[in-house]
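Okay, so here's the structure we're looking at.
The values are calculated or read from the model by the stated rules, or taken from the named source; none is laboratory data. From a predicted model like this one, the values you see are computed outputs, not experimental measurements. With ideal geometry, Cβ positions are generated from the backbone for all residues, glycine too; neighbour counts draw on all protein chains shown.
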(Lines give C-alpha, C1' and ligand atoms only; values in the text may rest on other atoms or scores of the structure.)
Protein backbone atom coordinates (compact mmCIF):
# COMPACT_ATOMS: atom_id res chain seq x y z
CA UNK A 1 0.00 0.00 0.00
CA UNK A 2 1.33 3.42 -0.99
CA UNK A 3 1.77 5.52 2.10
CA UNK A 4 3.62 8.14 4.09
CA UNK A 5 4.31 7.08 7.67
CA UNK A 6 5.18 9.43 10.51
CA UNK A 7 6.22 8.54 14.01
CA UNK A 8 5.35 9.21 16.70
CA UNK A 9 1.68 10.21 16.36
CA UNK A 10 1.66 12.00 19.70
CA UNK A 11 4.55 13.42 21.70
CA UNK A 12 4.76 15.46 24.87
CA UNK A 13 8.21 16.75 25.70
CA UNK A 14 9.93 19.39 27.81
CA UNK A 15 11.59 22.57 26.64
CA UNK A 16 15.11 22.00 25.37
CA UNK A 17 15.01 18.22 25.02
CA UNK A 18 16.06 17.27 21.49
CA UNK A 19 13.56 15.21 19.52
CA UNK A 20 13.18 13.70 16.07
CA UNK A 21 9.99 13.01 14.17
CA UNK A 22 10.49 10.39 11.51
CA UNK A 23 8.86 10.31 8.08
CA UNK A 24 9.07 7.53 5.53
CA UNK A 25 7.43 7.05 2.12
CA UNK A 26 7.30 3.94 -0.03
CA UNK A 27 6.35 5.55 -3.35
CA UNK A 28 9.87 6.43 -4.55
CA UNK A 29 8.88 10.11 -4.51
CA UNK A 30 11.57 12.69 -5.09
CA UNK A 31 9.93 15.57 -3.25
CA UNK A 32 9.25 15.57 0.49
CA UNK A 33 8.29 18.35 2.84
CA UNK A 34 7.30 19.15 6.41
CA UNK A 35 4.39 21.36 7.40
CA UNK A 36 3.03 22.60 10.67
CA UNK A 37 -0.67 23.21 11.10
CA UNK A 38 -1.91 25.82 13.53
CA UNK A 39 -5.48 27.13 13.95
CA UNK A 40 -6.25 29.94 11.52
CA UNK A 41 -2.86 29.66 9.82
CA UNK A 42 -3.37 26.60 7.66
CA UNK A 43 -0.43 24.49 6.55
CA UNK A 44 2.89 26.30 6.65
CA UNK A 45 5.93 24.71 5.09
CA UNK A 46 8.92 24.24 7.38
CA UNK A 47 11.48 22.56 5.10
CA UNK A 48 11.41 20.69 1.86
CA UNK A 49 13.68 18.32 -0.03
CA UNK A 50 13.85 18.00 -3.78
CA UNK A 51 15.93 14.82 -3.68
CA UNK A 52 18.59 13.01 -1.66
CA UNK A 53 20.97 15.48 -0.02
CA UNK A 54 19.01 18.45 -1.42
CA UNK A 55 17.02 20.42 1.15
CA UNK A 56 15.84 24.01 1.48
CA UNK A 57 13.98 26.22 3.90
CA UNK A 58 10.27 26.73 3.67
CA UNK A 59 8.34 29.58 5.22
CA UNK A 60 8.89 28.82 8.93
CA UNK A 61 12.25 27.00 9.29
CA UNK A 62 13.49 28.59 12.52
CA UNK A 63 14.12 26.03 15.25
CA UNK A 64 14.02 23.03 12.91
CA UNK A 65 16.51 20.89 11.02
CA UNK A 66 16.04 18.18 8.43
CA UNK A 67 18.16 15.66 6.57
CA UNK A 68 17.64 13.55 3.46
CA UNK A 69 20.24 10.81 3.40
CA UNK A 70 17.92 8.31 1.71
CA UNK A 71 15.14 8.90 -0.76
CA UNK A 72 12.46 7.34 1.42
CA UNK A 73 13.22 9.07 4.74
CA UNK A 74 12.96 12.72 5.74
CA UNK A 75 13.25 13.22 9.52
CA UNK A 76 12.40 16.50 11.24
CA UNK A 77 14.72 17.44 14.08
CA UNK A 78 14.02 19.89 16.88
CA UNK A 79 17.38 20.49 18.57
CA UNK A 80 15.96 22.55 21.44
CA UNK A 81 12.16 22.54 21.37
CA UNK A 82 10.26 25.51 22.74
CA UNK A 83 6.57 25.89 23.65
CA UNK A 84 5.89 27.88 20.45
CA UNK A 85 6.68 24.71 18.52
CA UNK A 86 3.63 23.02 19.99
CA UNK A 87 1.67 22.17 16.87
CA UNK A 88 0.37 19.48 14.54
CA UNK A 89 3.06 18.39 12.10
CA UNK A 90 2.58 16.74 8.72
CA UNK A 91 5.10 15.17 6.42
CA UNK A 92 4.19 15.01 2.73
CA UNK A 93 5.68 13.56 -0.41
CA UNK A 94 4.97 13.95 -4.10
CA UNK A 95 6.39 12.37 -7.18
CA UNK A 96 8.12 15.46 -8.47
CA UNK A 97 7.05 18.89 -7.40
CA UNK A 98 7.96 20.47 -10.71
CA UNK A 99 5.30 18.37 -12.40
CA UNK A 100 2.67 19.65 -10.00
CA UNK A 101 1.38 16.34 -8.72
CA UNK A 102 -0.64 15.31 -5.72
CA UNK A 103 0.94 15.58 -2.30
CA UNK A 104 0.46 12.54 -0.04
CA UNK A 105 0.41 13.38 3.65
CA UNK A 106 1.39 11.33 6.65
CA UNK A 107 -0.99 10.78 9.55
CA UNK A 108 0.32 13.75 11.48
CA UNK A 109 2.29 14.16 14.71
CA UNK A 110 0.77 16.18 17.50
CA UNK A 111 3.63 17.71 19.49
CA UNK A 112 3.27 19.43 22.84
CA UNK A 113 6.27 21.20 24.36
CA UNK A 114 5.88 22.13 28.02
CA UNK B 1 5.75 37.62 0.00
CA UNK B 2 3.63 35.43 -2.20
CA UNK B 3 0.54 34.06 -0.52
CA UNK B 4 -2.85 32.45 -0.95
CA UNK B 5 -5.94 33.94 0.69
CA UNK B 6 -9.08 31.93 1.37
CA UNK B 7 -12.62 32.92 2.33
CA UNK B 8 -14.69 32.30 4.32
CA UNK B 9 -12.84 30.84 7.28
CA UNK B 10 -15.99 29.07 8.45
CA UNK B 11 -19.09 28.09 6.51
CA UNK B 12 -22.30 26.41 7.63
CA UNK B 13 -24.86 25.15 5.15
CA UNK B 14 -27.98 23.04 5.30
CA UNK B 15 -27.76 19.55 3.89
CA UNK B 16 -28.60 19.65 0.20
CA UNK B 17 -27.53 23.26 -0.28
CA UNK B 18 -24.43 24.35 -2.19
CA UNK B 19 -21.17 25.56 -0.65
CA UNK B 20 -18.65 27.87 -2.28
CA UNK B 21 -15.13 28.58 -1.07
CA UNK B 22 -13.03 31.27 -2.74
CA UNK B 23 -9.28 31.74 -2.96
CA UNK B 24 -6.99 34.35 -4.41
CA UNK B 25 -3.30 34.05 -5.17
CA UNK B 26 -0.57 36.56 -5.77
CA UNK B 27 1.96 34.87 -8.07
CA UNK B 28 0.84 35.49 -11.65
CA UNK B 29 3.05 32.61 -12.78
CA UNK B 30 1.13 30.04 -10.72
CA UNK B 31 -0.38 27.36 -12.91
CA UNK B 32 -1.48 24.58 -10.56
CA UNK B 33 -4.30 24.87 -8.03
CA UNK B 34 -5.14 21.84 -5.88
CA UNK B 35 -7.82 21.53 -3.21
CA UNK B 36 -7.38 19.34 -0.15
CA UNK B 37 -9.99 18.08 2.29
CA UNK B 38 -9.09 17.36 5.90
CA UNK B 39 -11.63 15.49 7.97
CA UNK B 40 -11.47 15.85 11.73
CA UNK B 41 -8.38 14.15 13.12
CA UNK B 42 -7.19 13.00 9.72
CA UNK B 43 -4.61 13.98 7.15
CA UNK B 44 -5.31 16.34 4.22
CA UNK B 45 -6.19 14.54 1.00
CA UNK B 46 -6.43 15.85 -2.54
CA UNK B 47 -10.01 16.08 -3.80
CA UNK B 48 -9.60 17.98 -7.04
CA UNK B 49 -7.04 20.10 -8.85
CA UNK B 50 -7.01 22.39 -11.86
CA UNK B 51 -4.30 23.62 -14.13
CA UNK B 52 -4.18 27.03 -15.74
CA UNK B 53 -4.99 25.79 -19.22
CA UNK B 54 -8.62 25.15 -18.23
CA UNK B 55 -11.23 27.36 -16.62
CA UNK B 56 -13.38 24.74 -14.93
CA UNK B 57 -13.18 21.13 -13.83
CA UNK B 58 -15.91 18.91 -12.37
CA UNK B 59 -15.91 15.66 -10.48
CA UNK B 60 -19.39 14.52 -9.49
CA UNK B 61 -20.62 17.01 -6.85
CA UNK B 62 -17.48 19.10 -6.71
CA UNK B 63 -16.20 21.62 -9.23
CA UNK B 64 -13.42 24.14 -9.34
CA UNK B 65 -13.34 27.31 -11.43
CA UNK B 66 -10.29 29.40 -12.25
CA UNK B 67 -10.03 33.02 -13.34
CA UNK B 68 -6.39 33.64 -14.18
CA UNK B 69 -6.91 37.28 -15.05
CA UNK B 70 -8.33 38.03 -11.63
CA UNK B 71 -6.05 35.48 -9.92
CA UNK B 72 -8.82 33.72 -8.09
CA UNK B 73 -10.26 30.24 -8.02
CA UNK B 74 -13.22 28.67 -6.27
CA UNK B 75 -14.46 25.31 -5.02
CA UNK B 76 -18.13 24.51 -5.48
CA UNK B 77 -19.83 21.64 -3.68
CA UNK B 78 -23.41 20.91 -4.71
CA UNK B 79 -26.02 18.86 -2.87
CA UNK B 80 -23.93 18.92 0.29
CA UNK B 81 -24.02 15.95 2.64
CA UNK B 82 -22.94 15.63 6.28
CA UNK B 83 -19.81 13.75 5.19
CA UNK B 84 -18.70 16.89 3.35
CA UNK B 85 -18.09 18.48 6.77
CA UNK B 86 -14.33 19.07 6.96
CA UNK B 87 -11.63 21.70 6.61
CA UNK B 88 -10.87 22.55 2.99
CA UNK B 89 -7.53 24.00 1.89
CA UNK B 90 -6.87 25.65 -1.43
CA UNK B 91 -3.31 25.90 -2.69
CA UNK B 92 -1.28 27.34 -5.52
CA UNK B 93 2.19 26.63 -6.78
CA UNK B 94 4.94 29.22 -6.66
CA UNK B 95 7.11 28.92 -9.71
CA UNK B 96 10.76 28.46 -8.77
CA UNK B 97 12.86 31.32 -10.06
CA UNK B 98 16.18 29.56 -9.81
CA UNK B 99 15.16 25.94 -9.88
CA UNK B 100 12.78 23.71 -11.80
CA UNK B 101 10.95 22.90 -8.59
CA UNK B 102 7.79 24.66 -7.51
CA UNK B 103 6.62 25.24 -3.96
CA UNK B 104 2.97 24.77 -3.08
CA UNK B 105 1.50 27.43 -0.80
CA UNK B 106 -1.68 26.62 1.13
CA UNK B 107 -4.49 28.92 2.08
CA UNK B 108 -5.49 29.14 5.77
CA UNK B 109 -8.41 26.75 5.35
CA UNK B 110 -12.23 26.84 5.48
CA UNK B 111 -14.12 24.85 8.09
CA UNK B 112 -17.30 23.61 6.42
CA UNK B 113 -20.19 22.31 8.50
CA UNK B 114 -23.13 20.63 6.79
CA UNK B 115 -26.17 20.62 9.04
CA UNK B 116 -28.48 17.61 8.62
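State whether the residues of the stretch A:82-99 include one that is modelled with pLDDT under 95 and surrounded by fewer than 16 Cβ atoms within 10 Å (Cβ to Cβ). Checked against the condition, which is being modelled with pLDDT under 95 and surrounded by fewer than 16 Cβ atoms within 10 Å (Cβ to Cβ), the stretch A:82-99 yields at least one hit.
From the residues in the stretch A:11-42 that are facing another protein chain (nearest Cβ under 10 Å) and either part of a strand (DSSP E or B) or touching a residue at least 60 places away in the same chain (Cβ under 8 Å) (or both), which one is farthest from residue A:114 (Cα to Cα)?
Filtering the stretch A:11-42 for residues that are facing another protein chain (nearest Cβ under 10 Å) and either part of a strand (DSSP E or B) or touching a residue at least 60 places away in the same chain (Cβ under 8 Å) (or both), the one farthest from residue A:114 (Cα to Cα) comes out as A:30.
If the condition is being crowded, with 17+ Cβ neighbours inside 10 Å and over 12 Å from residue B:75 (Cα atoms), then the stretch B:12-23 contributes only B:13. Only one of the numbered conditions (1) assigned to a loop (DSSP other than H, G, I, E, B); (2) surrounded by fewer than 21 Cβ atoms within 10 Å (Cβ to Cβ) is violated by residue A:77, and that is (1).
Among the residues of the stretch B:30-52, none is identified as loosely packed, with under 13 Cβ neighbours inside 10 Å and either more than 18 Å from residue B:114 (Cβ to Cβ) or touching a helix residue (DSSP H, G or I) at 6+ places or on another chain (Cβ under 9 Å) (or both). Just one of the listed residues (B:27, B:49, B:102) is within 10 Å of chain A (Cβ to nearest Cβ) and in contact (Cβ under 8 Å) with a residue 24 or more places away in the chain, namely B:102. Being exposed (fewer than 14 other Cβ atoms within 10 Å of the Cβ), modelled with pLDDT under 95 and more than 10 Å from every other protein chain (Cβ to nearest Cβ), is that true of even one residue in the stretch A:55-73? The answer is yes; a qualifying residue exists. Of everything in the stretch A:43-54 that is more than 9 Å from chain B (Cβ to nearest Cβ) and surrounded by 20 or more Cβ atoms within 10 Å (Cβ to Cβ), the residue that is nearest to residue A:93 (Cα to Cα) is A:49.
When B:79, B:83 are checked against the criterion of being more than 22 Å from residue A:57 (Cβ to Cβ), assigned to a loop (DSSP other than H, G, I, E, B), away from chain A (no Cβ under 14 Å) and modelled with pLDDT of 95 or more, a single residue qualifies: B:79.
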